[in-house]
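Engineer: Encoded as C-alpha cells, here's the structure I'll be asking about.
Read-outs: derived from the displayed coordinates by stated rules, not from any lab. The model shown is predicted, which means the values in this text are computed figures rather than measured ones. Neighbour counts are summed over all protein chains in view; Cβ atoms, including those assigned to glycine, are modelled from backbone coordinates with ideal geometry.
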Amino acid sequence: MSGFARGVLTCFALLVCIAPTPAAGAKIAKATDPNEDFSYYSRLFLSCMDTCNIEGCAHVTHKGAPFTTGGCVPACARDGSMLGPGEFPPEFTLAMRLTGWDCASDCKYRCMRTVVRVRAAEGLNTAKYYGKWSFERVLGVQEIVSCVASLANAAVHVWFLPELWRASAGRRIEDARGAASVFPPRLSASLWFANGVVQTHGWLWSAVFHARDTPWTHALDYGAANAIFFFAAFAAVARTRAIAEPRRLAGALACFAFCFLAHLWYVNRRQEDGTKYHFQHNMAVMVCVAVFHWVVMLRWAFFGKREGPRPGRNYLAACCLAWNACALAEVLDFPPVYGLLDAHALWHCGTPATVWLWYQFARRDAGLSQDSPRDAEKKSR
C-alpha cells in the first residue's frame, strides 16, 4: 500500500479512536420558543404519560379545556397488564401491529401529540422529545416522508445495480474508456456495484428506522449509515490509487473495516453521564469521512495525472454539489410541516437525484455506454 494510503488510514484510526467529542445527555424534551415556561409542558407530558399508563387514555386539561389524541385504549390500562404475551390491543390497526407498536410506545406517541395540540393552542412551536420532533403517525409509520424517501433512494440504486453486475461479470456493453486505463473497467464495475449494495442496504435500514424508532432500528440504521461512509472512502482510495492487485485491495479494505468497527465500538459505549450514543462524535467523524471522499474523488477526476481527466467527471462534480446542498437542509432543523416534513425528511427527498447523478459517473467510469440501463440491456441481447 502506498505511503499516501497509509497516511490516510492512520489519520482515520486516530480520528475514530482518539478524538472523542461526547454528546450531552439527551433530555426528555427541549424548548423551541424563548421566554416560555417549558417546565410546565414537561410536567404536562409526564402527567399525560402517567394517566395513559394507568387508564389507557392520553388526555390532559389545560386552562380548563380538555386535550386528547386517539381517545382511549382500554386494553392498555395498567400498563397493558390485561394483555397476554405478544397480544395486541383490539384497538390497534393492522398497520400498527405490523410496525410493532405496543402500549408503552403508543402512550408516548399520543401524549406527545396531545401536548403538541396544547402548545399550538398557545401559539407555540412544536417541541422536541428525546432529541427528536414529534410526527403525525401515518399507517403505523412514525416518519412517513423520510421512510418513503429512503425507499426511493434504495430504488434508484436497485435500478442501476444489474447493469454494473453484468459488467463486473464480464458481460460489458461497450468500453467507452479506451485501453489506456490502469484500472480495468471490469474492476471499476465491481467496485461501484459493491458500493451500491452497501448503499442499498443502508437506505433500507433507514426506511425501517423512520418507520419505527426503536433501540434496535436506531442501531441498525446508524451502523448501516456508517458503513456507507467508510466503504465510500475505501472505494475512493481503491479507485483513485488504482489498487487493482487483490492482496493490496484486501489490505485496504481490512484497514477501513477496522476503522469502521472501531468507530462503532466507540460511539455505542455508554458515557459517564449515562448517554448511550455519542451523537456529536459520530457526526464529526462522518463529516470528516465525507469531505475526504469528495476531495479525493474530485481531485482524481479532474486533475489526476495517471489516467487524466475521467469520463463522467462533470456528473461527479454535480453529484457532489447536489449532495452537499441537500445535506445543508439538516442545518435548518425546522419543526415538521403538518407534522410530516422536517429538515431531515427534506434531505432524504433530495438525495435520489444525487444517486442518479452518481451512477451517470459510475457507468462511464466502468466503460459502459451512455444509454439508460434498460436501453443498454436491450443492446446487449
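Engineer: Compute the signed sum of charges (Lys and Arg +1, Asp and Glu -1) over the other residues within less than 15 Å, Cβ to Cβ, of Ser206.
Structural biologist: In short, -3.
Engineer: Send over the per residue convex hull volume for region 90-134, Cα only, as a whole number of Å³.
Structural biologist: 85
Engineer: Under the Karplus relation 6.51 cos²θ - 1.76 cosθ + 1.60, θ = phi - 60°, what is the ordered set of whole-Hz ³J(HN,Hα) values for region 152-168, x standing for Gly and Pro?
Structural biologist: So the Karplus estimates, Gly and Pro as x, are 5, 4, 4, 5, 5, 4, 4, 4, 8, 4, x, 5, 5, 5, 4, 5, 5 Hz.
Engineer: Through the Karplus equation 6.51 cos²θ - 1.76 cosθ + 1.60, θ set to phi - 60°, convert the phi angles of region 116-131 into ³J(HN,Hα) values in whole Hz; use x for Gly and Pro.
Structural biologist: Each residue of region 116-131 in turn: 4, 5, 5, 5, 4, 5, 8, x, 9, 6, 5, 9, 8, 10, 6, x Hz.
Engineer: Let me ask you something else. Taking Rh as the Kirkwood radius computed over C-alpha pairs, what is the Stokes-Einstein D of region 29-130 at 20 °C in a medium of viscosity 1.002 mPa s, expressed in µm² per second?
Structural biologist: This corresponds to a translational diffusion coefficient of 151 µm²/s.
Engineer: Given 0.36 nm per residue, what is the gain on full extension from Cys72 to Ala262 after removing their alpha carbon distance, in nm?
Structural biologist: The span from Cys72 to Ala262 would gain 63.8 nm if fully extended.
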